[in-house]
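The values are calculated or read from the model by the stated rules, or taken from the named source; none is laboratory data. Just so we're clear, the structure is a prediction, and the values are computed from it rather than from any experiment. Here the Cβ positions follow ideal geometry from the backbone for every residue, glycine too, while neighbour counts run over all protein chains shown. In case anyone asks, the SASA skips ligands and DNA or RNA and just uses the protein heavy atoms, side chains included. Shrake-Rupley method; radii C 1.70, N 1.55, O 1.52, S 1.80 Å.
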Amino acid sequence: PTPLADAYRDLAATIVAHARVDRGAYTKLTYLTDRIGARLAGSPALDRAIVWAADALRADGHAVTIDPVQVPAWRRGAESARIVAPITRDLVMLGLGGSVGTPARGVTAPVVVVRSWDELAARAAEVKGAIVLYDVAMPAWTEAHGSGYGDVVPFRGGGASAAARLGAVAVLMRSVTATSLRTPHTGAMRYAADAPKIPAAAITTEDAALLARLAVDGPVQVTLTMSARQDPDVPSANVLAELRGRERPDEVVVIGAHLDSWDVGQGAHDDGAGVVHVMQALTTLRVLGLVPRRTIRVVLFTNEENGLRGGRTYAATHGGERHVAALETDSGGFAPRGFRVETHGDAAVRARLAEIASLLAPLGADTLEDGEGGADISPLTEAGVLGLGLAVDGRTYFDIHHTAADTLDKVDPQALADGVAAIAVMAYVLADAEVPLVPTPTPAP
Ligand code: ZN
Ligand code: ZN
């Protein structure tokens, strides 16, 4: 028994019992995914999602603010890829977000298959004038390591510029997933300032393996055609909603998620689930008449996927306010396991977080691990704010992440409701604790 957990045990049980049988989050997610769907920054669908979210939060009784944000407007356009020698076969592909297009006739070139940065460098002579395929397999999920996403995603982000420096004319990326039903996975890429901008696309793991097998026996040629382009920035917005604190309303606990998604699928797990997690967590507390000492603020960030402009603008606009903690949910709507925490080396704060998390043991959501809370809150946590990220059972998340298969049917209503419960309890205690859990960074040794 610990003082903090004991003080909130009954309240936590009340919140969990209410949230577990409430289907409000799933109802909201059904509208967001089926009626609005994919919502890339700069799209009319994201504009509709912003209006919908603000209306839904107001309908639940919250005070809503719309903060304008300028966002990039990347357009995919028509795209295709095809093996033209030694066989002819269409490849299943998705251009990477931020990529430039090709000339209208496409780019046709020999394929050089590499599996590491070292191999790219070693084969520099062949890369000139070629299409580089990064055939880097993502490791399978394990309990100990989690997903292997972080191991492989640098190739997606920086592979184009690394190849372009050696004279490549385009890059193909084996999709960042350990499991595939011939589904291509898009995602963001960035151009370095010192390299020519060449087109970049993801292909399926199956098609990457086919190209690699063909390349063992001799030259392979691919034609890549993309009409992607970057339009000028357009207006978008973050949506904020508050449950105002009863004693120290100027002290804020942020609970956030990103409202934008990629332009394929429905953005159901990424990050529609997170959006409705935080919306419904705030509503749960309001319905139960629970008003914490400090303010709990929902922030629905725009443009996480291909710019982080929402997160940066929030920090620039509101970073001067007293943020007690920032919590993000952007790992899918799966069963909650606990939280990743950024306590800036403060062991006492970590111990108190563990006390709060112990209240979530009935949900199986009582584990803490050190790790980044999330991209949207990173400008706050980098400034020293206590950061938390909802950790979930993520073993299947990257099977559908950034694909046309990220759809509502992949979300289990009970798991989603359990995530709401975990966030509502954590947010309430952080906002209500008599002594706030503000980290004091340990001085460098
Ligand atoms: Zn996300
Ligand atoms: Zn994403």
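Here are a few things to note about the model shown:
- Principal axis extents of the Cα atoms in region 207-285, from largest to smallest and rounded to whole angstrom, are 72, 31, 21.
- With the simple spin-label model, which puts each label point 7 Å out from Cα in the Cβ direction, the residue 230 to residue 55 separation comes to 3.4 nm.
- Using a Förster distance of 56 Å, the FRET efficiency for residue 105-residue 348 (Cβ separation, nearest 0.05): 0.30
- Averaging the Cα positions of each part gives two centres, and for region 322-367 and region 16-93 these lie 26 Å apart.
- Table column - 3J(HN,Hα) (Hz), region 396-413, Karplus curve with 6.51, -1.76, 1.60, x for Gly and Pro: 10, 4, 7, 5, 10, 4, 6, 10, 5, 8, 7, 10, 4, 4, 7, 9, 8, x
- Inter-label distance, residue 244 to residue 217: 7.3 nm, where each label sits 7 Å from its Cα along the C-beta direction.
- Label-to-label distance, nm, for residues given as residue 140 and residue 367 (7 Å Cα→Cβ offset): 1.8 nm
- Region 111-165: projected area of the alpha-carbon convex hull, averaged over directions, in nm²: 3.8 nm²
- MRE, 222 nm, helices only [DSSP H, n ≥ 4, -39500 (n - 2.57), over the chain, to nearest 500]: -10000 deg cm²/dmol
- Descending semi-axes in Å of region 394-445, equivalent ellipsoid built from Cα gyration tensor: 34, 19, 7
- Distance distribution P(r), region 2-103, all Cα-Cα pairs, bin width 5 angstrom from 0: 2, 9, 11, 12, 13, 11, 10, 10, 8, 6, 4, 3, 2, 1, 0 percent.
- For the chain, with all protein chains in place and a probe radius of 1.4 Å, 55% of the accessible heavy-atom surface sits on carbon or sulfur.
- Per-residue packing, averaged as other Cβ atoms within 10 Å, sorts the ranges 369-378, 230-239 into the order 369-378, 230-239, beginning with the highest.
- Among 280-286, 317-323, the order from most to least packed when residues are scored by Cβ within 10 Å on average: 280-286, 317-323
- In the chain, inverting the average of 1/r over every pair of distinct C-alpha atoms gives 22.6 Å as the Kirkwood radius.
- Nearby lysines by direct alpha-carbon distance to residue 128 (threshold 30 angstrom, same-chain neighbours under 8 apart not counted): 197
- The Cα atoms of region 141-264 cover 72, 42, 26 Å along the three principal axes, with the biggest extent listed first.
- Pairwise FRET efficiency - residue 63 versus residue 23, Cβ, R0 = 25 Å, nearest 0.05: 0.50
- A straight Cα-to-Cα reach below 22 Å connects residue 28 with the lysines 410, residues fewer than 8 places away in its own chain not being considered.
- Computed E for residue 293/residue 2 - FRET, C-beta separation, R0 22 angstrom, nearest 0.05: 0.70
- Relative contact order [Cα under 8 Å, 6+ residues apart], the chain, whole percent: 22 percent
- Region 393-440 versus region 140-188: alpha-carbon centroid distance in Å: 25 Å
- Kirkwood analysis of region 298-357, using all unique Cα-Cα pairs, places the hydrodynamic radius at 13.9 Å.
- Mean accessible surface per residue for the chain, computed with a 1.4 Å probe while every protein chain stays in place, in Å²: 38 Å²
- Per-residue packing, averaged as other Cβ atoms within 10 Å, sorts the ranges 220-229, 83-92, 340-349 into the order 220-229, 340-349, 83-92, beginning with the highest.
- Summed residue charge, Cβ within 13 Å of residue 53's Cβ, Lys/Arg positive, Asp/Glu negative: -1
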